[in-house]
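The values are calculated or read from the model by the stated rules, or taken from the named source; none is laboratory data. Keep in mind it's a predicted model, so treat the numbers as computed, not measured. FYI the Cβ positions are ideal-geometry reconstructions off the backbone, even for glycines, and counts take in every protein chain you see. In case anyone asks, the SASA skips ligands and DNA or RNA and just uses the protein heavy atoms, side chains included. Shrake-Rupley method; radii C 1.70, N 1.55, O 1.52, S 1.80 Å.
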Amino acid sequence: MIMGDRGTGKSTTVRSLVDLLPEIRVVSADPFNSDPDDPELMSEEVRMKVQEGISIPVSTTKITMVDLPLGATEDRVCGTIDIEKALTEGVKAFEPGLLAKANRGILYVDEVNLLDDHLVDVLLDSAASGWNTVEREGISISHPARFILIGSGNPEEGELRPQLLDRFGMHAQVGTVRDAELRVKIVEERARFDQDPKSFRESYREEQEKLQNQISLARTLLPKVKVPHDIRVKVSQVCSDLNVDGLRGDIVSNRAAKALAALRGREEVTAEDVYTVIPNCLRHRLRKDPLESIDSGLLVVEKFCEVFGYARPASS
């Protein structure tokens with residue numbers, strides 16, 4: 001989740017992820033982006049073909065990013081069943097929705113704090129089970145719906161329901177740039193993009209490819225990354241001292257630290273890795289105090305330094 005001031009590039013940042021993430025193998029012409037190598041990520045139809053030994057065509061593609069409009073209907077999100085076709089032809093005629101398209105990809109909700117409650121309930125169900133089930137007139141169809149949920153918004157426009165807030169693994173805060181020189185550079189880069197988008201992209205191609213390779217190598221290294229027992233204990237101690245509800249804060253902090261270590265090319269997590277990620281993992285899980293003036297991320301950093309005996313870098 002990315003929350004911050006209006007006009008700070010939140011949506012632009014999220015949409016750029018598609019060009020950075022490695023491509024995935026999918027079953028060709030399958031509306032659910034089924035994984036040909038994992039039965040748990042196959043649609044029912046594809047799984048039956050595999051079990052029967054029928055050959056399935058496979059292709060490689062970029063991950064899908066699906067935008068979830070705030071005013072979308074539940075049928076548009078979940079999909080619909082054509083009852084007339086089902087009754088007359090005896091087949092399960094299913095029109096996939098946005099959750100099907102987002103399977104194994106990214107589901108992006110801009111202004112997520114303004115999302116209608118009925119859509120929040122749908123997202124909670126899918127996020128909890130990894131499957132989407134549509135039932136109508138006694139007909140039921142299920143398909144995998146495992147996606148990376150990314151939301152952005154302006155906190156001044158409203159708060160998220162606690163149930164949905166807890167489903168976001170990490171929470172980043174974005175502020176307006178105050179340095180005049182940096183603001184000028186951003187404005188100039190935006191003008192350069194508007195004048196010649198193709199040339200602008202080409203100027204960053206080498207840097208982007210370098211980052212793509214770094215992410216691919218990190219994915220390969222990730223299964224080998226270990227978190228020392230004493231660091232795991234201290235992470236849980238931080239969560240306990242901050243009265244974080246549940247265990248998702250512990251789990252996400254460990255996962256994020258492992259991912260960062262892999263990105264940095266190491267096979268063991270250090271306190272510095274945890275220091276970098278833990279504010280984003282816990283700040284949205286703290287109980288809100290309306291009289292508290294200090295930023296929740298700073299509270300997490302202070303508690304981390306106390307538990308880990310860690311001296312904050314001068315630049316932090």
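For the stretch 157-176, how many residues meet the condition of being touching a helix residue (DSSP H, G or I) at 6+ places or on another chain (Cβ under 9 Å) and either without any contact (Cβ under 8 Å) to a residue 12 or more places away in the chain or at positive phi (or both)?
1
Given the condition of a type in the set (Lys, Arg) and part of a helix (DSSP H, G or I), answer yes or no: does some residue in the stretch 277-288 qualify? Reasoning before the result, please.
In the first step, residues of the stretch 277-288 are kept if they are of a type in the set (Lys, Arg); the result is 283, 285, 287-288.
Still in the list and also part of a helix (DSSP H, G or I): 283, 285.
Checked the stretch 277-288: at least one residue is of a type in the set (Lys, Arg) and part of a helix (DSSP H, G or I).
Can you report the number of residues in the stretch 15-39 which are open to solvent by 50 Å² or more (accessible area, probe 1.4 Å), in contact with a strand residue (DSSP E or B) (Cβ under 9 Å, 6 or more places away or on another chain) and acidic (Asp, Glu)?
2
Taking the condition at negative phi, exposed (fewer than 13 other Cβ atoms within 10 Å of the Cβ) and of a type in the set (Ser, Thr, Tyr), does residue 55 pass? Steps first, please.
On the way: at negative phi: yes; exposed (fewer than 13 other Cβ atoms within 10 Å of the Cβ): yes; of a type in the set (Ser, Thr, Tyr): yes.
Judged against the criteria, residue 55 is a match.
If residue 12 satisfies every condition in (1) open to solvent by less than 30 Å² (accessible area, probe 1.4 Å); (2) more than 17 Å from residue 147 (Cβ to Cβ) but one, which is the exception?
It is condition (1) that residue 12 fails.
Can you tell me which residue in the stretch 63-98 is most open to solvent (accessible area, probe 1.4 Å), limited to those that are at pLDDT below 85, β-branched (Val, Ile, Thr) and part of a helix (DSSP H, G or I)?
88
Suppose we filter the stretch 102-140 for residues that are free of Cβ contacts under 8 Å to residues at least 40 places away in the same chain, crowded, with 20+ Cβ neighbours inside 10 Å and not in a helix (DSSP H, G or I); how many remain?
0
Quick one: residue 178 ticks every box in (1) under 30 Å from residue 266 (Cβ atoms); (2) part of a loop (DSSP other than H, G, I, E, B) except a single one, so which number is it?
In the conditions (1) under 30 Å from residue 266 (Cβ atoms); (2) part of a loop (DSSP other than H, G, I, E, B), residue 178 misses (1) alone.
So, residue 42, is that one touching a residue at least 60 places away in the same chain (Cβ under 8 Å) and surrounded by 13 or more Cβ atoms within 10 Å (Cβ to Cβ) or not?
Values: touching a residue at least 60 places away in the same chain (Cβ under 8 Å): yes; surrounded by 13 or more Cβ atoms within 10 Å (Cβ to Cβ): yes.
Yes, satisfied.
Here is a check on your reading of the model: is residue 255 under 26 Å from residue 311 (Cα atoms) and open to solvent by 30 Å² or more (accessible area, probe 1.4 Å)?
Taking the combined requirement at face value, the residue satisfies it.
For residue 299, which of the numbered conditions (1) loosely packed, with under 15 Cβ neighbours inside 10 Å; (2) modelled with pLDDT of 80 or more fails to hold?
Among (1) loosely packed, with under 15 Cβ neighbours inside 10 Å; (2) modelled with pLDDT of 80 or more, residue 299 violates only (1).
Does residue 152 fit the bill of being closer than 21 Å to residue 30 by Cβ and out of contact with any Leu (no Cβ under 9 Å at 6 or more places or on another chain)? Explain how you work it out, then say what you get.
On the way: closer than 21 Å to residue 30 by Cβ: no; out of contact with any Leu (no Cβ under 9 Å at 6 or more places or on another chain): yes.
Spelling it out, it is not the case that residue 152 is closer than 21 Å to residue 30 by Cβ and out of contact with any Leu (no Cβ under 9 Å at 6 or more places or on another chain).
Please give the number of the condition residue 101 fails out of (1) among the charged types (D, E, K, R); (2) at pLDDT 90 or above; (3) touching an Asp or Glu at 6+ places or on another chain (Cβ under 9 Å).
Unmet condition: (3).
Scan the stretch 37-62 for residues that are under 30 Å from residue 210 (Cβ atoms) and modelled with pLDDT of 90 or more and jot them down.
Those that are under 30 Å from residue 210 (Cβ atoms) and modelled with pLDDT of 90 or more: 58, 59, 60, 61, 62.
The rows are residues; the columns are (1) within 17 Å of the chain's Cα centre (by Cα); (2) surrounded by fewer than 13 Cβ atoms within 10 Å (Cβ to Cβ).
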{"residue": "145", "(1), (2)": "yes, no"}
{"residue": "148", "(1), (2)": "yes, no"}
{"residue": "155", "(1), (2)": "no, yes"}
{"residue": "178", "(1), (2)": "no, yes"}
{"residue": "181", "(1), (2)": "no, yes"}
{"residue": "210", "(1), (2)": "no, yes"}
{"residue": "214", "(1), (2)": "no, no"}
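Among the residues of the stretch 207-265, write down those that are under 18 Å from residue 285 (Cβ atoms), without any contact (Cβ under 8 Å) to a residue 60 or more places away in the chain and not in a loop (DSSP other than H, G, I, E, B).
232, 235, 236, 239, 240, 249, 250, 251, 253, 254, 257
Any residue that is surrounded by fewer than 16 Cβ atoms within 10 Å (Cβ to Cβ), at pLDDT 95 or above and touching a Pro at 6+ places or on another chain (Cβ under 9 Å) - is there at least one of those in the stretch 259-271?
So far as the stretch 259-271 goes, yes, one or more of its residues are surrounded by fewer than 16 Cβ atoms within 10 Å (Cβ to Cβ), at pLDDT 95 or above and touching a Pro at 6+ places or on another chain (Cβ under 9 Å).
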